[in-house]
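Data block below; observations after.
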Amino acid sequence: MFGSGADRMDGGDRARRDLSRRLRRLARLFPLRDIVDERLDASVVQAYYRECHEAFRKHHSPEGAVHMAINEGGRFDPDGFAEHLRRIESRWAGDAPRDVLELGFGQGYNLCWLAQRHRSVRFQGIDLTPEHLTLAQARMAGAALNNVSLQQADMHALPQADQSIDEAFAIEAFCHAGDVPRALSEVRRVLRPGGRFTLFDGYQHKPLAALDADAALAVQLVARGTAVERWQVIGELLTQARDAGFELEAMHDLDRAVLPNLERLDRLIGTVIRFPWLARRALARRAQARSRNVLSGHLLYPTVAMGLLGYREIVLRRSAAPDRLS
């Protein structure tokens, strides 16, 4: 079914050569090493989403989803933008939570979808970007939703009270946590005993030191193209979650399910950078964050297809045991 060992090795060689070609193509447009060496802070993340939100609407999701679609059938379908929410909702069967928190609500797509279907649930959301707050508040008002409360806040210092939330989730937002242990501790603090924290995000399988030069450069450029300081390594994240007081309830590999969306983005970016001299002129007219989105758009598909990056649904549960007294 999967071919001989020689076939698989040959396929791996072709993938590595393709990745090298893509990096050379991008090197004609961007100072790749300088970009990798930059350090990011909250202002860079805010600028990325401020400068890119119109492009997300135009090229990615007119409905305002700012995450990858999950398409199990192997073909891109925009209905897959809601699959994350159906997966979260499926765990509420017959027993919906009272209070739900989203970390990084973006343009409000996720909370609006859930709040319309669960009007007795109190939804809260925090986001770092002021433009997102304005966009999401307008969306909730347009949908006449009065069960959603939104705040501009940082996931490292949540404004929610201790043990006030039954369910928390972050869809492609927790990757922006600069201090992962602190952010995990904050989520655990606000969750009630037994509460869940669901993550959908991209992760490295191995640390950078375990990758060859092209692979390490590619995964770092994908991160920079989406205003991420560095990708979390799956094993390290799970250890940090355990240390913060979470138990792993479930983890699902969604690599194949996001490839149709990544392939679609790859085709779109390919039309932009096909001719370097035209690409340089086009990119020079764009804001920096939107221009650099080309890096992730051109490298995400091969890095996920090669297994350098993976897309996971991770469900963590706060222990039902009371906190130990210090």
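Just so it is clear, none of the values below were taken in a lab; they were calculated from the coordinates. Given the structure is predicted, the values throughout are model-derived calculations rather than measurements. Using ideal geometry, Cβ is built from the backbone for each residue, glycine included, and neighbour counts are taken over all protein chains shown.
Observations, loosely collected:
- Structural descriptor for the chain: relative contact order 21 percent, calculated from alpha carbon pairs under 8 angstrom and at least 6 residues apart.
- 32 Å tail of the calculated P(r), segment 5-318, as % of Cα pairs: 26
- When the Cα positions of 171, 12, 269 are compared along the charge dipole of segment 5-318, 269 comes out farthest toward the positive end, with charges on each C-beta of Lys, Arg, Asp and Glu.
- Residue 92-residue 280 FRET efficiency (beta carbon distance; Förster radius 56 Å; 0.05 resolution): 0.70
- At 1.306 mPa s and 10 °C, Stokes D of segment 60-166 from Kirkwood alpha-carbon radius, µm² per second: 109
- For segment 60-84, the residues whose amide N sits under 16 Å from a probe point set 7 Å from the Cα of residue 118 along the beta carbon direction are 82-84.
- Within the chain, helix-based [θ] at 222 nm, where runs of 4 or more DSSP H residues each add -39,500 (n - 2.57), nearest 500: -15000 deg cm²/dmol
- Charge dipole (debye, nearest 20) of the chain; +1 at Cβ of Lys and Arg, -1 at Cβ of Asp and Glu: 1060
- Comparing mean-square fluctuations of 18, 201, 99 from a GNM of the chain with C-alpha springs under 10 Å, the top value falls on 18.
- Given R0 = 30 Å, the distance between the Cβ atoms of residue 34 and residue 152 translates into a calculated FRET efficiency of 0.45.
- Distance between modelled label sites at residue 161 and residue 15, nm, 7 Å Cα→Cβ extension: 5.0
- Dipole of segment 5-318 [Lys/Arg +1, Asp/Glu -1 at C-beta], most positive-end residue of 204, 157, 234: 204
- Principal semi-axes of the equivalent ellipsoid, √(5λ) from the alpha carbon gyration tensor of segment 1-137, are 35, 25, 13 Å from largest down.
- Cβ charges +1 (Lys, Arg) and -1 (Asp, Glu), total dipole of segment 176-326, debye: 720
- The chain: most fluctuating residue of 212, 166, 41 per GNM, C-alpha cutoff 10 Å: 212
- Segment 221-326 - Debye-derived log10 I(q)/I(0), Cα point model, q = 0.12, 0.14, 0.20, 0.23 Å⁻¹: -0.57, -0.69, -1.06, -1.23
- Using alpha-carbon coordinates, inclination of helix 130-142 to the longest axis of the chain, degrees: 60
- On the basis of the beta-carbon distance and an R0 of 30 Å, residue 43 and residue 209 show a calculated FRET efficiency of 0.55.
- Charge-dipole axis of the chain as Lys and Arg at +1 and Asp and Glu at -1 on Cβ define it, positive-most pick from 52, 278, 142: 278
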